[in-house]
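Structure first, then comments.
The values are calculated or read from the model by the stated rules, or taken from the named source; none is laboratory data. Please read all numbers here as calculations on a predicted model, not as lab measurements. Positions of Cβ are generated from backbone atoms using ideal geometry, with glycine treated the same way; all protein chains shown enter the neighbour counts. Just so you know, the surface numbers come from the protein's heavy atoms only, side chains and all, with ligands and any DNA or RNA stripped out. Shrake-Rupley method; radii C 1.70, N 1.55, O 1.52, S 1.80 Å.
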Amino acid sequence: MSTSPQSLPPPKSIPELIEGLKLLTADIKSDLPESKLPLAILRKEVIDLMNSYAGNDWHQYEFWDETCYTRNRIYLDPEERFELILLCWNISQLTPIHNHPESQCFFKLLQGEMVERQYAMPNPNKKKRMKVIETNMLNKTGNTGWIDDGVGVHMVENVSPSQKCVTLHLYAPAYKTVHTYDEASGKVHTHGCDNYSIAGVKCDLE
């Protein structure tokens, strides 16, 4: 059975957060179609747990690049029930419009301000500009947002002209490929999920 965070103290560190996430995602089976159902039931509990993390040890996973935002894996569950990622956004960096295949995405703002734009899922049989269904300003440090493909697809951007931004992401279950979308036509492309660093060690990207 999954454990409610009411019985867990607020995590003071990334390892404590990971231990709490292990308990909350214990029922997820990454190889089953209904894998996201247990986490959907526990969505509020996962958000509450991530909101309650107020540590600063995330800095050890922090890497920056001048040309693109960095995807820094902190932890991948051995059964791929979840993956914890730190994203570092330099000035004006942004994601393409993308989905979260068979997974739920939780994202916690640690530093700076971001804009999130959610889009309706495009019709693969029609070439048409994608429709923005919601725009959110992420400017409350510590708050955790959520999205999955049932809501839509989204893009995230650091719109600050002077401040770097950092977000902590939980993907449950973890996934290895992602769809990206052309805003003007809805055309879809499939990409792998490459990490800039793993467990605090920069990857060899050559």
Mean Cα-pair separation over length for the chain, i.e. relative contact order, pairs under 8 Å, 6 or more apart, %: 25
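Averaged over all directions, how much area does the convex hull of the C-alpha atoms of segment 111-206 cover when projected, in nm²? It would help to have the intermediate numbers written out before the result.
Details: hull surface 32.6 nm².
Projected area, direction-averaged: 8.2 nm².
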Partner aspartates and glutamates for Lys108 [C-alpha distance under 12 Å; skip if fewer than 8 residues away on the same chain]: Asp48
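List, in the order given, every pair from Lys127/Lys202; Lys22/Lys140; Lys44/Lys126 whose Cα-Cα distance in the structure shown is over 31 Å.
Values: Lys127/Lys202 39 Å; Lys22/Lys140 26 Å; Lys44/Lys126 36 Å.
Correct reply: Lys127/Lys202; Lys44/Lys126.
Scale the Cα Rg of the chain by the rule-of-thumb value 2.2 N^0.38 Å and send over the ratio, two decimals. Could the numbers behind the result be given before it?
Working: Rg = 16.6 Å, N = 206, 2.2 N^0.38 = 16.7 Å.
It is 1.00.
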Ranking by accessible area, most exposed first, for Trp64, Trp89 with a 1.4 Å probe: Trp64, Trp89
Computed helical MRE - 222 nm, the chain, DSSP H runs ≥ 4 contributing -39500 (n - 2.57), nearest 500: -3500 deg cm²/dmol
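Remind me, relative contact order of segment 100-206 in percent, using alpha carbon pairs under 8 angstrom and six or more residues apart?
Numbers: 205 pairs, mean separation 38.4, N = 107.
36 percent.
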Simple label model, 7 Å out from Cα along Cβ direction - Val201 to Cys68, nm: 2.2
Å³ per residue enclosed by the Cα convex hull of segment 56-170: 121
Accessible-area composition of the chain, carbon plus sulfur, in percent [1.4 Å probe]: 52
Pair Arg43, Glu183: separation of 7 Å Cα→Cβ label points (nm): 2.6
Most mobile listed residue (Thr67, Thr141, Thr180) in the chain, GNM with C-alpha springs under 10 Å: Thr67
Computed accessible area, Arg117, all protein chains, 1.4 angstrom probe, square angstrom: 70
Accessible-area order (highest first, 1.4 angstrom probe) of the listed residues Glu102, Glu80: Glu102, Glu80
Theoretical gain in end-to-end length, Met137 to Glu113 [0.36 nm per residue, Cα-Cα removed]: 7.9 nm
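Using R₀ = 41 Å, calculate the FRET efficiency as 1/(1 + (r/R₀)^6) where r is the Cβ-Cβ separation of Asn56 and Asn125; round to 0.05.
On the way: r = 48 Å, r/R0 = 1.18.
It comes to 0.25.
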